[in-house]
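Peer 1: Pasting a structure below so you can have a look.
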Amino acid sequence: MLSRVANNLIWMNRYMERGYNILSLLKTNYSAYQDSPDMFSWKPIITNYGDPNSSVDYKDTIGCIEYMVFDNDNPNSITNLVTKSRENARSVQEHIPREIWFAINSYYLYLNDSRTRRDLKQNDPVFFLDQLLMYQLLYYGNIDITQERGPAYYFMDVGKFLERVIQISDITSIKLKKIAKTSDSLERSFHWKNLLHSVGAYQLYTKKYKPIFQSDMIIQVIFKEQLFPKSLYYCINKLSRHINHLILTNELVKNDLEFLLGKLESTIKYTTTDNINAQGLENFIESIKGDIRDISMSINNVYFSTQST
């Protein structure tokens, strides 16, 4: 497969995956902010995914959501992410089913409809965010049902899981900064619960451990749970399988990818919760993100042209 095509497939999915995680974070924070505005400020989200020097009023919930969804000057606004994903999809239409193109294009048209911005201001923000999440899920569903399991599918999944590891790591880091600032056990529990909701792990966690929010158990679910699709263990395992498949079919050259993947797999597989606590969860997360960046750069440097993140 041409490097340009593979590059577009990877970034098409990376942008959509980033958008999905940002929307989940916005929805969770909106609900938490209604109960505890002092505990769940919009500032960490705007700082991490937007411009920390923007004029957004952190006490204006609708304004913050509007900024994260529609602002053209924010490279991580949902509108910009979907636009960039659509541009990549347009370039590879011969490699993806028409259903996938229709899913992205419909999403793009909905976001750019003047009535959509009005819906945010006039309706329940949760309903509005759910509408956007529905478009995301339609996109994922169409990939799962219609995309043949060939090189295009594997490159798309490489993009998805690269981005998912980064987003889960970033969301966890945002929450850890808040947790580190409080010594109140009840408040810490609220933040841990909010983290679980943000990464879609709350139902699984309460099913396994009951609603008792302890850091070691939460680390186990988010980082080590083998069957949870958004755990780092699961994502890295899938990433390794897809990249190795592409290497075996000569779609990718080995280069240093096998070494980097093996190093990352060993880290996530053999590092215990005690090891993570000993080195500090934030340090562990930064180590994982560094390995992911190395893998991403290895692919980009050898095969693809540079593309802004």
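Peer 1: Quick one: compute the contact order of region 3-305, relative version, from alpha carbon pairs under 8 angstrom and 6+ residues apart, as a percent.
Peer 2: Working: 320 pairs, mean separation 62.9, N = 303.
Once divided by the residue count of region 3-305, the mean separation gives 21 percent.
Peer 1: Let me ask something additional. Find which of Thr79, Leu120, Val158 sits farthest along the positive direction of the dipole of region 35-168, computed with +1 on the beta-carbon of Lys and Arg, -1 on that of Asp and Glu, about the Cα centre.
Peer 2: Sorting the options by dipole projection puts first Val158.
Peer 1: Between rounded, prolate and oblate, where does the chain land on the alpha carbon gyration tensor, with a ≥ b ≥ c its root eigenvalues, rounded for a/c under 1.5, else prolate if a/b exceeds b/c? Provide the component values of the computation, followed by the final result.
Peer 2: Numbers: a/c = 1.84, a/b = 1.12, b/c = 1.65.
It is oblate, given that a/c is not under 1.5 and a/b is not larger than b/c.
Peer 1: Provide the per-residue ³J(HN,Hα) series for region 228-244, in order, calculated from phi with Karplus coefficients 6.51, -1.76, 1.60 and θ = phi - 60°, each as a whole number of Hz, with x at glycine and proline positions.
Peer 2: Here the 3J(HN,Hα) series is 8, x, 10, 7, 4, 4, 4, 5, 5, 4, 5, 4, 5, 4, 6, 5, 5 Hz.
Peer 1: For region 56-213, what class follows from the C-alpha gyration tensor (a ≥ b ≥ c being the square roots of its eigenvalues): rounded when a/c is under 1.5, otherwise prolate if a/b is larger than b/c, else oblate?
Peer 2: oblate
Peer 1: Solvent-accessible area of His95, probe 1.4 Å, all protein chains present, reported in Å² to the nearest ten, please.
Peer 2: Counting only protein heavy atoms, the figure is 60 Å².
Peer 1: Follow-up. Charges only on Cβ, +1 for Lys and Arg, -1 for Asp and Glu: so what's the dipole of region 66-217 about the Cα centre, in debye to the nearest 20? Write down the numbers at each step before the final one.
Peer 2: Working: 20 positive and 18 negative charges, 94 e Å.
That gives region 66-217 a dipole magnitude of about 460 debye.
Peer 1: If you average the alpha carbon positions of region 110-143 and of region 42-72, how far apart do those two centres end up, in angstrom?
Peer 2: Region 110-143 and region 42-72 have Cα centres separated by 18 Å.
Peer 1: Using the Karplus curve 6.51 cos²θ - 1.76 cosθ + 1.60 with θ = phi - 60°, what ³J(HN,Hα) values do you get for each residue of region 98-109, in whole Hz, with x for Gly and Pro?
Peer 2: 4, 4, 5, 4, 4, 5, 5, 5, 5, 4, 4, 5
Peer 1: Per-residue accessible area for Glu282 at 1.4 Å probe radius, Å² rounded to 10?
Peer 2: Accessible area of Glu282: about 70 Å².
Peer 1: Could I ask something else about it? May I ask you to list the lysines whose Cα is less than 30 Å away from that of Lys207, ignoring any residue fewer than eight positions away on the same chain?
Peer 2: Partners within reach: Lys27, Lys160, Lys175, Lys177, Lys178, Lys181, Lys193, Lys224, Lys230, Lys238, Lys269, Lys289.
Peer 1: Based on the Cα atoms of region 227-309, what semi-axes does the equivalent ellipsoid have, where each is the square root of 5 times one gyration tensor eigenvalue, given in whole Å with the largest first?
Peer 2: Numbers: eigenvalues 123, 45, 24 Å².
So the three semi-axes of region 227-309 are 25, 15, 11 Å.
Peer 1: With the contact rule set at Cα under 8 Å and sequence spacing of 6 or more, what percent relative contact order holds for region 1-156? If you can, show how the numbers build up before the last one.
Peer 2: Numbers: 150 pairs, mean separation 47.6, N = 156.
With pairs under 8 Å counted, the relative contact order is 31 percent.
Peer 1: Next up: DSSP loop (so not H, G, I, E, B), at most 10 other Cβ within 10 Å: list which trypsin sites (Lys or Arg not before Pro) in region 106-169 pass both filters.
Peer 2: Working: sites: Arg115, Arg117, Arg118, Lys121, Arg149, Lys160, Arg164; in loops: Arg149.
Filter output for region 106-169: Arg149.
Peer 1: Here is a follow-up. Once every DSSP H run of n ≥ 4 in the chain is given -39500 (n - 2.57) and the sum is divided by its residues, what mean residue ellipticity at 222 nm do you get, rounded to the nearest 500 deg cm²/dmol? Don't skip to the answer; put the middle values down first.
Peer 2: Details: 15 runs with 226 residues, N = 309.
Helix contribution divided over all residues of the chain: -24000 deg cm²/dmol.
Peer 1: Also: Ordering Arg86, Arg188, Arg4 by how much accessible area each has at a 1.4 Å probe, largest first, what is the list? If you can, show how the numbers build up before the last one.
Peer 2: Values: Arg86 40, Arg188 85, Arg4 120 Å².
Final ranking, largest accessible area leading: Arg4, Arg188, Arg86.
Peer 1: Taking Cα centroids, how far is region 1-33 from region 183-249 in Å?
Peer 2: 18 Å
Peer 1: Give me P(r) over region 1-113, computed from all C-alpha to C-alpha distances, binned every 5 Å, as integer percentages.
Peer 2: 2, 12, 20, 20, 16, 12, 9, 6, 3, 1, 0
Peer 1: Karplus couplings for region 264-273 from phi (6.51 cos²θ - 1.76 cosθ + 1.60, θ = phi - 60°), rounded to Hz, Gly and Pro as x?
Peer 2: Working through the residues one at a time gives 5, 4, 5, 4, 6, 7, 9, 7, 7, 4 Hz.
Peer 1: Could you point to the residue in Asn21, Pro52, Phe228 farthest towards the positive end of the chain's charge dipole, with +1 and -1 charges on the Cβ of Lys/Arg and Asp/Glu respectively?
Peer 2: Checking the options against the dipole of the chain, the answer is Phe228.
The values are calculated or read from the model by the stated rules, or taken from the named source; none is laboratory data. These figures come from a predicted structure and were not determined experimentally. All Cβ positions, glycine included, derive from the backbone under ideal geometry; neighbour counts span all protein chains shown. Keep in mind that these areas ignore ligands, DNA and RNA; they rest on the heavy atoms of the full protein, side chains included. Shrake-Rupley method; radii C 1.70, N 1.55, O 1.52, S 1.80 Å.
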